[in-house]
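Participant: Sharing a structure here in structure tokens format.
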Amino acid sequence: MANGTGNGGLLGEFAVTGRFDGGNPQRSSDIVKVDEATFDVFPYSEDGDDNYMFRADVRVCSSHREPRPVTLRFEWRAWRAERYMDLRDTFFCRHEEGEWKLVRGRVEGNVTTLTLVIPPGETEVSMNAGYNYERLQTYVRSLRGNPDASARIIGFSEESRNIWCLTLTDGNVPDGGKRKLMAIGRVHPYETASSYCIEAMVNYLLGGDPRAKELMSKFVFHFIPMPNPDGVYNGLCKLTKENGLDFSHGNILASKDKAGKTLLSFARVAKPDYVLDVHSLMDREYDQVGSSDERLLGRFMNLMPDQADVGRRWTILKQRGREALGPKEKRTDYGFTSFCVEELGATKFVLGFSWFGRSFDKMEKTAIKALNALASAIMGVG
Ligand SMILES: [Zn+2]
């Protein structure tokens with residue numbers, strides 16, 4: 001301070017960290033500073049499953065006084081990391097709450113190299129556009145006071161994070177004749193597109209559009225936007241924790257996981273007629289759709305055919321016959337939606353959308369279109 005120039009006399013530097021809500025990798029030993037402007041980053045996977053290892057969320061902080069280039073080398077150490085490396089070339093990047101922009105890296109072997117010009121301050125670099133626990137909490141708070149929405153905590157995760165349910169319906173219409181639709185998103189924590197889809201659906205239903213008002217008068221919607229807050233917060237890809245629950249492919253009855261128990265208890269009381277499970281996936285060509293009711297699926301597909309405008313076709317998720325599966329507690333695979341179908345008699349509907357070819361606006365519109373198509377299909381079939 002003696003020379004009166006404050007920090008101005010110091011040379012700037014870069015720091016890269018994943019130690020924050022939604023960061024990956026969170027262990028500081030997984031981010032190695034190679035030289036002043038080069039960092040090796042080893043994205044973390046709790047189980048090494050390359051099919052879900054699409055999470056990398058770091059902050060690049062710069063104390064330089066002007067934009068400077070920095071090189072990030074992401075080295076994926078999954079079981080068969082190289083299998084999906086062609087999908088690990090594009091990242092989302094944003095500077096201090098600005099707009100997310102796409103950046104393209106260079107892929108060689110199991111390494112993606114990104115060279116970015118980083119402005120002074122903090123820049124987020126994410127494989128899938130960030131959406132963390134705090135963002136969900138902020139969003140929930142923003143709905144307080146809305147007469148058609150009630151937000152409540154239905155239980156807690158292992159690490160005592162909130163599991164929220166947003167119940168949406170037209171309070172002036174008696175609930176008696178309404179269909180009950182429960183929608184869950186983001187059971188797999190890397191799948192941030194599903195969070196943006198759920199938010200878009202909720203905003204649409206509360207937005208006052210005549211069609212949305214009609215849906216609100218005919219349905220009670222229970223949205224569970226983040227059933228796996230620990231996985232989201234801790235930067236995981238698929239599970240609730242190391243050796244934790246996979247809501248889709250694990251056995252939710254046999255698991256002791258608190259988040260799983262919370263969902264089961266809530267579903268038993270809410271008794272949904274329909275359960276919508278929104279995922280996202282990494283695929284350049286396909287989105288995913290599936291249902292336990294083939295007639296409903298057929299009607300949905302007529303109303304929402306292949307999304308050709310973004311070069312995308314549906315792939316249909318096969319449903320298995322339940323008679324061949326054996327006792328529920330012993331199955332390797334008895335997920336939340338299977339529970340809703342078998343235990344509660346609900347109809348399940350699964351959607352999976354990919355970021356490739358989609359802007360945020362397109363993703364929102366896709367989600368709203370899917371909600372409308374599903375509601376129409378239900379009203380037509382039901
Ligand atoms: Zn998923």
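Nothing in this text is a laboratory measurement; each read-out follows from the coordinates by a stated rule. Bear in mind that the values here come from a model prediction, so they are computed numbers and not experimental data. Here the Cβ positions follow ideal geometry from the backbone for every residue, glycine too, while neighbour counts run over all protein chains shown.
Participant: Counting only residues 5 or more places away or on other chains, whose amide H sits under 5 Å from the amide H of ARG68 once H atoms are built in the peptide plane?
Facilitator: ILE118
Participant: If you don't mind, there's one more thing I want to ask. Need the full-extension length gain, LYS213 to THR38, defined as separation in residues times 0.36 nm minus the C-alpha distance. One decimal, nm.
Facilitator: So the extension gain works out to 57.7 nm.
Participant: Next question. Just to be sure I understand: of the beta bridges DSSP finds with both ends in the chain, what percent are antiparallel, rounded to 5?
Facilitator: Restricted to the chain, the bridges split so that about 65 percent are antiparallel.
Participant: Sticking with this one: What Kirkwood radius, in Å to one decimal, follows from the Cα pairs of segment 11-126?
Facilitator: For segment 11-126, inverting the mean 1/r across all distinct Cα pairs yields 14.2 Å.
Participant: If I model a spin label as a point 7 Å beyond the Cα along the Cα-Cβ vector, how far apart are those points for GLU13 and GLU82 in nm?
Facilitator: 3.6
Participant: Taking the alpha-carbon distance from LYS238 and a cut-off under 20 Å, which lysines remain once sequence neighbours fewer than 8 residues away in the same chain are dropped?
Facilitator: LYS238 reaches LYS256, LYS258, LYS261.
Participant: Can you work out the FRET efficiency for the pair LYS330 and ASP49, with r the C-beta to C-beta distance and R0 = 25 Å, to the nearest 0.05?
Facilitator: Once the sixth-power term is evaluated, E becomes 0.65.
Participant: Let me ask another. Grab the Cα-Cα distance for VAL173 and THR115, subtract it from 0.36 nm times how many residues apart they are, and report the gain in nm with one decimal. Each step should come with its number before you reach the end.
Facilitator: Working: separation 58, 0.36 × 58 = 20.88 nm, distance 5.55 nm.
Contour length minus the Cα-Cα distance gives 15.3 nm.
Participant: What does DSSP give for segment 11-80 in terms of the percent of beta bridges that are antiparallel, rounded to the nearest 5?
Facilitator: 70
Participant: Modelled label-to-label distance, ASN302 and GLU285, 7 Å Cα→beta-carbon offset: nm?
Facilitator: 2.8
Participant: With each label point set 7 Å from Cα along the Cα-Cβ vector, what nm distance links GLU108 and ASP309?
Facilitator: In this crude label model, GLU108 to ASP309 measures out at 4.0 nm.
Participant: On the principal axes of its Cα set, how long, how wide and how thick is segment 133-381? Give whole Å, largest value first.
Facilitator: That gives 45, 39, 37 Å along the principal axes, largest extent first.
Participant: In segment 207-236, what trypsin sites (Lys or Arg not before Pro) fall in a loop by DSSP, with at most 10 other Cβ atoms inside 10 Å?
Facilitator: Passing both the DSSP loop test and the Cβ count: no residue.
Participant: Local charge sum around ALA15 (other residues, Cβ-Cβ under 10 Å, Lys/Arg +1, Asp/Glu -1)? Numbers along the way, then the final one.
Facilitator: Working: positive: LYS33, ARG59; negative: GLU13, GLU122.
Local charge sum for ALA15: 0.
Participant: Now a separate question. Hey, how many Å between the Cα centroid of segment 26-52 and the Cα centroid of segment 226-294?
Facilitator: Here the answer is 26 Å between Cα centres.
Participant: Quick check on segment 179-247: take the gyration tensor over C-alpha atoms, sort the square-rooted eigenvalues as a ≥ b ≥ c, and tell me if it's rounded (a/c under 1.5), prolate or oblate.
Facilitator: Taking the square roots of the gyration eigenvalues as a ≥ b ≥ c, segment 179-247 is prolate.
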